[in-house]
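The values are calculated or read from the model by the stated rules, or taken from the named source; none is laboratory data. Please read these numbers as outputs of a predicted model, since none were measured by experiment. Counting neighbours? That spans all protein chains shown, and the Cβs are built from the backbone with ideal geometry, glycine included.
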Amino acid sequence: MPITGVYFIPTSPNATTTLTTLTERLRASFTDEDLIPIGRWLLDHKLMRDTPGLLPASSTQGQRPTKPRYMQLLSLSHYPTHGFIYTSEPTEKPFHPPSAGPPVTATSPATSAASPGQGLDAAQGASAVEMPMVMTTVPPPAYKTLFQHFTYACQPFWCHRLTVTVPNGVVYDVGDFRVRMGDVRQTVPNVRPRGTIVEIEWRGPSVVDSLSGVQDRRAAIGAGTGEDVDSGIDVSFCALEEADVDAEYVATASLIREFWGRLGITGAKEAILVPGVGKEVKEKLGKLRKGEKGGEGKGKDEILAGLGSMSFEDDVDPTAGTDAARQYMEVLRFNR
């Protein structure tokens, strides 16, 4: 799973987007040999919110007001084997304010290392503590079925607020980076431009990406041949700690920000070290160190039985792209 960063440049309904400007800046900053167009990409994002009238009223004076809950469904063409669902945790869970002691390593690795004022990395930090989000992936048929279920069967509880799409984005390879750009258009409840979105993917040397590849090969070998998947290729990860993963995210975030800075675009919302980023990578690291074999995909397959005709059996890595999905959904959670 590559390390990515997402930038969103909003626009007013009657203004033009910055996609043309971005393309010109890319071509001015890099030579034709470095800037290689390689294809197109698509995005579909649906935002749902709990119905405000059904939120419990705050009866105790001074009690923290109830915050709205969100459910987001995201489909990315470069991760065709599954869709992403991002939802607020149940409000019944007790609120635990952050303590004054040392930070505890949780779902947001290296967030504390991000510089203040760095777009969404800092802005989303406080709210994420109060209303954490849960990420899951589902096969494409189940993704569509779940959206229909929440739109119709759960209509009294969930309101479909927005649908935005990137219908015809462009993809460039630029040295050690892959850049996806496209205009974001709102299609529900009305049609209007929302801005331009950019995903910058680091494709250079990466322990995080190599770690994902090792587990994918283990899962494929174990499922396909029944052979022992323990091999010398895993030895290099035995000494890897979660702190090393955090450090790589922080270092790569700096490279992505440096790349973005070369384009000279102002007013963008940034999402790189968002809450939860790296969670699945650390889980894979734990499984490799414990010698577990392909448990996650099987568990999800059992849970989602009956929701669609396609299972996770053909999906080598059901968690691929979860970091990028979190970043997209942070910047696409519009208020209206």
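Spot the failing condition for Asn190; the list is (1) modelled with pLDDT under 80; (2) surrounded by fewer than 19 Cβ atoms within 10 Å (Cβ to Cβ); (3) in a loop (DSSP other than H, G, I, E, B), and only one is missed.
The failed condition is (1).
Which of the residues spanning segment 311-326 are at pLDDT below 70, in a helix (DSSP H, G or I) and in contact with a Leu (Cβ under 9 Å, 6 or more places away or on another chain)?
Phe312
Out of curiosity, is Arg185 in contact with a strand residue (DSSP E or B) (Cβ under 8 Å, 6 or more places away or on another chain), more than 23 Å from Asp246 (Cα to Cα) and free of Cβ contacts under 8 Å to residues at least 40 places away in the same chain?
Answer is yes for this residue.
From Thr60, Thr4, Thr11, Thr17, grab the single residue that is modelled with pLDDT under 90 and within 30 Å of Leu255 (Cβ to Cβ).
It is Thr17.
In segment 172-181, which residues are in contact with an Asp or Glu (Cβ under 9 Å, 6 or more places away or on another chain) and either in a strand (DSSP E or B) or more than 19 Å from Gly39 (Cβ to Cβ) (or both)?
Correct list: Asp173, Val174, Phe177, Arg178, Val179, Arg180, Met181.
Consider Met329 carefully, then state whether it is under 30 Å from Asp50 (Cα atoms), at pLDDT below 60 and of a type outside the set (S, T, N, Q).
Here the answer is no, as Met329 does not meet what is asked.
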